[in-house]
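Below: the structure, in structure tokens.
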Amino acid sequence: MRWLVTGASGMLGTDLVDRLGAEHEVRATAREDLDVTDPAAVPAAVRDVDVVVNCAAWTAVDDAEAQEPDAFTLNAVAPQLLARAAAAAGARMVQVSTDYVFDGHAAAPYPEDASLAPASAYGRTKAAGEWSVRAEAPDHLIVRTAWLYGAHGPCFPRTMARLAGEREELTVVADQVGQPTWTVDVADLLVRLVEAAAPAGTYHATSAGQVSWHGFAQAVVASAGKDPAMVRETTSAAFVRPAPRPSYSVLGHGALARAGVAPIGDWRARWDAAAPTVLAPA
């Protein structure tokens with residue numbers, strides 16, 4: 001099977017290319033290899049592949065508030081071009097999306113068909129990307145993930161571990177709840193969905209269970225050999241950012257169950273497995 005992976009130098013893209021390994025023919029493209037906003041370059045890149053996985057995205061959540069048109073170009077126009085080209089080539093289109101397409105005010109895990117209500121520019125542009133993929137490529141998989149961490153880019157655990165080595169106390173919000181998710185697990189799930197010929201539609205690629213940022217920080221600090229009690233609780237009101245953060249980012253996994261595809265395991269067990277790699281010295 002021939003795969004095109006965009007955003008292949010990013011945290012998720014790197015792990016996806018590694019996961020595909022020698023089992024598949026992979027064309028891994030970074031920004032310098034393929035301009036995913038170029039209407040001429042995209043069809044040429046997609047012409048002879050079986051699967052297109054779009055990991056390229058504008059992920060600077062706060063910057064998107066002031067630069068929404070630029071974020072829209074990368075998060076909505078580029079997926080549209082890729083999806084249109086994939087459909088023309090008879091390739092399956094896989095679009096990576098986010099929990100930010102929801103408002104973050106739920107009290108139970110968001111099902112895959114929950115109404116979209118993004119509260120930020122980033123969320124609006126990613127929601128538009130979902131709509132464009134659905135419109136352009138009937139054979140699509142939209143895969144939402146959240147709270148990503150990994151060994152190949154900046155992420156919350158690596159930041160917390162570094163700060164724990166520099167400070168006597170850390171302060172982390174306890175009123176935002178989600179599912180810390182390892183990019184290795186997301187990459188594996190993306191491949192398993194395609195290999196299982198999962199029905200076209202929307203799926204959630206997050207770990208099971210839930211925890212606050214504060215609780216996750218405590219787990220990270222413990223893995224780094226420090227006392228988790230050094231992590232103190234605070235609220236979102238103390239850390240006002242340009243873009244609002246969802247207070248509840250827990251995603252349900254019903255579509256995976258219906259497709260017969262195993263979900264990712266519990267966040268704590270997966271963090272214990274990931275920690276040695278994610279926190280390894282660069």
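In the set (1) under 22 Å from residue 259 (Cα atoms); (2) more than 16 Å from the chain's Cα centre (by Cα); (3) surrounded by 15 or more Cβ atoms within 10 Å (Cβ to Cβ); (4) small (Gly, Ala, Ser), residue 215 fails one condition alone, (1).
Among the residues in the stretch 44-55, are any more than 22 Å from residue 195 (Cβ to Cβ) and in a strand (DSSP E or B)? Taking every residue of the stretch 44-55 in turn, none turns out to be more than 22 Å from residue 195 (Cβ to Cβ) and in a strand (DSSP E or B).
Of everything listed in (1) of a type in the set (A, V, I, L, M, F, W, C); (2) closer than 19 Å to residue 187 by Cβ; (3) in contact with a Gly (Cβ under 8 Å, 6 or more places away or on another chain), the single unmet condition for residue 76 is (2).
Among residues of the stretch 137-163 that are under 17 Å from residue 216 (Cα atoms) and touching a residue at least 12 places away in the same chain (Cβ under 8 Å), those with a beta-carbon under 8 Å from a residue that is part of a loop (DSSP other than H, G, I, E, B) and aromatic (Phe, Trp, Tyr) at least six positions away or on a different chain give the pairs 156/147. Among all residues of the stretch 90-101, there is none that is part of a loop (DSSP other than H, G, I, E, B), small (Gly, Ala, Ser), touching a Phe, Trp or Tyr at 6+ places or on another chain (Cβ under 7 Å) and surrounded by fewer than 23 Cβ atoms within 10 Å (Cβ to Cβ).
Per-residue answers, yes or no, for (1) at pLDDT 95 or above; (2) in contact with a Ser or Thr (Cβ under 8 Å, 6 or more places away or on another chain); (3) among the aliphatic types (A, V, I, L, M):
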residue: 190; (1), (2), (3): yes, no, yes
residue: 193; (1), (2), (3): yes, no, yes
residue: 216; (1), (2), (3): yes, no, no
residue: 219; (1), (2), (3): yes, no, yes
residue: 228; (1), (2), (3): yes, no, no
residue: 243; (1), (2), (3): yes, yes, yes
residue: 255; (1), (2), (3): yes, yes, yes
residue: 258; (1), (2), (3): yes, no, no
residue: 274; (1), (2), (3): yes, no, yes
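Within the bounds of the stretch 9-29, is there any residue that is without any contact (Cβ under 8 Å) to a residue 40 or more places away in the chain, of a type in the set (A, V, I, L, M) and not in a strand (DSSP E or B)? Within the stretch 9-29, one or more residues are without any contact (Cβ under 8 Å) to a residue 40 or more places away in the chain, of a type in the set (A, V, I, L, M) and not in a strand (DSSP E or B). Within the stretch 228-282, the set of residues being surrounded by 18 or more Cβ atoms within 10 Å (Cβ to Cβ) and assigned to a helix (DSSP H, G or I) comprises 255, 256, 267, 270, 271, 274, 275, 278. Scanning the stretch 52-75 for residues that are surrounded by fewer than 24 Cβ atoms within 10 Å (Cβ to Cβ), of a type outside the set (D, E, K, R) and more than 17 Å from residue 40 (Cα to Cα) yields 58, 59, 60, 61, 66, 67, 69, 72.
The values are calculated or read from the model by the stated rules, or taken from the named source; none is laboratory data. Everything numeric in this text was worked out from a predicted model, so none of it was measured. Positions of Cβ are backbone-derived with ideal geometry, glycine not excepted, and every protein chain shown enters the neighbour counts.
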